[in-house]
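The values are calculated or read from the model by the stated rules, or taken from the named source; none is laboratory data. Bear in mind that the values here come from a model prediction, so they are computed numbers and not experimental data. No Cβ is skipped: glycine too gets one built from the backbone with ideal geometry, and neighbour counts run over all protein chains shown.
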Amino acid sequence: MSKDERKCQFPVMRNGNFGKYKKFHVHNMTDEYYLNDSERQMLHTLLNKIREGRLSNMKKENSYVVVNEDEPYADKVWGLIKESYRGKV
């Protein structure tokens, strides 16, 4: 699987074909170092607003496992995800 094929991250059935699409924004929290105090506060304010909106809509607070697509095991992880979705989509 090429890097371009792995750009999208979530399995979905579209037009009868099983594939991936990008669903999440992910950042390394240590990269907040690149933000000044005002920008960091703005980011946290926006993330809290999203969290509060989800909770007000009775959605649970999610937690995710993230795999860097450059890791040698990324294709194996994607294979496990595809296998777990067979028959569900």
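Below are the figures for this structure:
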quantity: Condition broken by Pro72, with the remaining ones in (1) at pLDDT 75 or above; (2) surrounded by 10 or more Cβ atoms within 10 Å (Cβ to Cβ) satisfied; calculated: (2)
quantity: Tabulated pairs, the stretch 51-68, first assigned to a loop (DSSP other than H, G, I, E, B), second loosely packed, with under 10 Cβ neighbours inside 10 Å, C-beta under 6 angstrom, 6+ apart or interchain; calculated: Val66/Val26
quantity: Residue match in the stretch 68-76 (condition: farther than 21 Å from Asn28 by Cβ and under 18 Å from the mean Cα position of the chain (by Cα)); calculated: yes
quantity: Residues of the stretch 69-87 that turn out to be assigned to a helix (DSSP H, G or I) and in contact with a strand residue (DSSP E or B) (Cβ under 9 Å, 6 or more places away or on another chain), as a count; calculated: 5
